[in-house]
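J.: Let me give you the structure first, and then I'll get to my questions.
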Amino acid sequence: TSEKIEVPAPPSPLQIEIVSVKDALCNARLGSFQIKGSGGWGDYTYRLATHTGTTSISNYEELSAGSYKVFVQDKLGASVSTLIEIGEPGKLEVKATDHIDPTCGNNGTLKLEVSGGAEPYKVSIDNWLSSKILDLPGLVEFEGKAAGGYSVKVEDKNGCEALAITDLSASSLLKIDR
């Protein structure tokens, strides 16, 4: 004789909830995400597709930008997966695009271009003695500068930094012979 065996279904289907996703910043492994299992038969374990073995920890940190396939498994072995994207702003860069050498004291101009990162930007020269806020990527000028070398520092809204070195030549300065 054969007996009928009834296998109950879980109260709700096994699912993955994405609790949070944080993008990678500053071209570093600063991305993260947290997931949570629900439904199924409970007692969830988690696994990244690139790793072997499961864990009860559902937080993944120190991730580079990219796609991550993650699995949730319940206590009876049923599993579901989803793809999570960790983004990243473009690399923050600053470069000197042009300049006007001083002709008389402090009348030189530095012209700089800021790109990448996340706006707004704080652009400074000479260890923050002169600084400007730039709301969008683009050009910024510092006028009233003397001949000499200048270190340029840009910081974006995420705290990422970019540096450049430029100079204004003294060769155009007005010379008076006595």
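The values are calculated or read from the model by the stated rules, or taken from the named source; none is laboratory data. These numbers were taken from a predicted model, which means no experiment stands behind them. Cβ placement follows ideal geometry from the backbone for every residue including glycine, while neighbour counts extend to all protein chains displayed. Please note that ligands, DNA and RNA were not included when accessible areas were found on the heavy atoms of the full protein model with its side chains. Shrake-Rupley method; radii C 1.70, N 1.55, O 1.52, S 1.80 Å.
J.: Taking a probe of 1.4 Å, how large is the accessible area per residue of region 88-158, in Å²?
T.: For region 88-158, the per-residue accessible area is 53 Å².
J.: Same structure, new question: Which one, LYS122, LYS153, LYS145, has the greatest fluctuation when you compute a Gaussian network model over the chain with C-alpha springs under 10 angstrom?
T.: LYS145
J.: Tell me, what is the percent relative contact order of the chain, built from C-alpha pairs under 8 Å that lie six or more residues apart? Could you put the intermediate results ahead of the total?
T.: Details: 426 pairs, mean separation 30.5, N = 178.
That works out to 17 percent.
J.: Something else: Local charge sum around SER38 (other residues, Cβ-Cβ under 11 Å, Lys/Arg +1, Asp/Glu -1)? Present the calculation step by step, with values, prior to reporting the outcome.
T.: Values: positive: LYS36; negative: GLU17, ASP74.
Neighbourhood net charge equals -1.
J.: For region 1-139, with all protein chains present and a 1.4 Å probe, just round the carbon and sulfur fraction of the accessible area to a whole percent. Numbers along the way, then the final one.
T.: Numbers: 4320 of 8730 Å².
Of the solvent-accessible surface of region 1-139, carbon and sulfur hold 49 percent.
J.: Can you list the cysteines of the chain that have no other Cys Cβ under 4.7 Å away?
T.: CYS104
J.: Which of ALA146, ALA78, ALA96 moves the most in a Gaussian network model of the chain with Cα springs under 10 Å?
T.: ALA78
J.: Tally Lys and Arg at +1 and Asp and Glu at -1 over the other residues with C-beta under 14 Å from the C-beta of VAL70: what net charge comes out? If you can, show how the numbers build up before the last one.
T.: Details: positive: LYS36, ARG47, LYS69; negative: GLU17, GLU61, GLU85.
With Lys, Arg at +1 and Asp, Glu at -1, the net is 0.
J.: What dipole magnitude, in Debye to the nearest 20, does region 37-123 give about its Cα centre under +1 on Lys/Arg Cβ and -1 on Asp/Glu Cβ? Could you put the intermediate results ahead of the total?
T.: Numbers: 7 positive and 11 negative charges, 39 e Å.
Value, rounded to 20: 180 debye.
J.: Based on the Kirkwood radius over alpha-carbon pairs, what value in µm²/s does the Stokes-Einstein equation return for the translational diffusion coefficient of region 1-138 at 20 °C and 1.002 mPa s?
T.: Details: Rh = 19.4 Å.
Answer from the Stokes-Einstein relation: 110 µm²/s.
J.: For region 80-169, which GluC sites (Glu not before Pro) pass both filters: DSSP loop (anything but H, G, I, E, B) and at most 16 other C-beta atoms within 10 Å? List each step's numbers first, then the result.
T.: Numbers: sites: GLU85, GLU93, GLU113, GLU141, GLU143, GLU155, GLU161; in loops: none.
Sites meeting the loop and neighbour criteria: none at all.
J.: In what sequence, highest mean first, do 37-44, 124-131 appear when ranked by Cβ atoms within 10 angstrom?
T.: On the way: 37-44: 17.0, 124-131: 13.5.
Packing order, densest peptide first, comes out as 37-44, 124-131.
J.: What is the magnitude of the charge dipole of the chain about its Cα centre, with +1 placed on the Cβ of each Lys and Arg, -1 on the Cβ of each Asp and Glu, and no other charges, expressed in debye to the nearest 20? Could you put the intermediate results ahead of the total?
T.: Working: 17 positive and 24 negative charges, 34 e Å.
For the chain, the charge dipole is close to 160 debye.
J.: Another question, then. Near ILE133, within a Cβ-to-Cβ distance under 15 Å, what is the net charge of the other residues, with Lys and Arg +1 and Asp and Glu -1?
T.: Values: positive: LYS122, LYS132, LYS153, LYS157; negative: GLU119, ASP135, GLU141, GLU155, ASP156.
Counting the neighbours of ILE133, the net charge comes to -1.
J.: With 28 Å as the limit, write out which pairs from LYS22/LYS153; LYS69/LYS91; LYS4/LYS75; LYS36/LYS91; LYS36/LYS122 have Cα-Cα distances beyond it, or answer none. Before the final figure, lay out the partial values.
T.: On the way: LYS22/LYS153 25 Å; LYS69/LYS91 25 Å; LYS4/LYS75 24 Å; LYS36/LYS91 32 Å; LYS36/LYS122 38 Å.
In this structure, LYS36/LYS91; LYS36/LYS122 lie more than 28 Å apart at Cα.
J.: Please go through region 3-45 and write out the trypsin sites (Lys or Arg not before Pro) that DSSP classes as loop and that have at most 14 other C-beta atoms within 10 Å.
T.: Working: sites: LYS4, LYS22, ARG29, LYS36; in loops: LYS4, ARG29.
Here the sparse-neighbourhood loop sites are LYS4, ARG29.
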